[in-house]
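For reference, the structure is listed below as structure tokens.
No value in this document is a laboratory result; all are computed from the given coordinates. Source: prediction; values computed, not measured. So basically every Cβ, Gly included, is an ideal-geometry build from the backbone, and we count neighbours across all protein chains shown.
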Amino acid sequence: MSLVPVFGSIMSSFPIVAIALVSSGTFDVRQGLYILLWIIVIHLLEANLLNPKIMGGAAKIHPVLVVFALIAGEQSYGLVGALFAVPGASIIQTIFIYFRRRQFRAPALPRTPESPEL
């Protein structure tokens, strides 16, 4: 369910909390709340720390750029935008680095016309 941003995490949490509520034989709200809090902490750590670091390392992009790319892609094109945001940002970054390196290279010496033979 983690392929679906936001709602996938919520949908996958329902069965876990439901099982925690009834696992002790009675309806234990405290245990259900503990499990819900634990799931929220894990999802926050995963979404805000681990995913950007892992995706940024694989795509060779800074984790902050990964987060911005995911936000921009999801806001612009929804789920499809979120799926293609990091590869698109990687392509844009690669093109930017290529042209930046090309611009700061030493310019080639101008070619002079060859002298005519006498």
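Take the alpha-carbon positions of segment 1-93, form their convex hull, and give its projected area averaged over all directions (one quarter of the hull surface) in nm².
Quarter of the Cα hull surface area: 6.3 nm².
Most tightly packed first, judged by the mean number of other beta-carbon atoms within 10 Å of their residues, the peptides 73-86, 35-48, 14-27, 91-104 read 73-86, 35-48, 14-27, 91-104.
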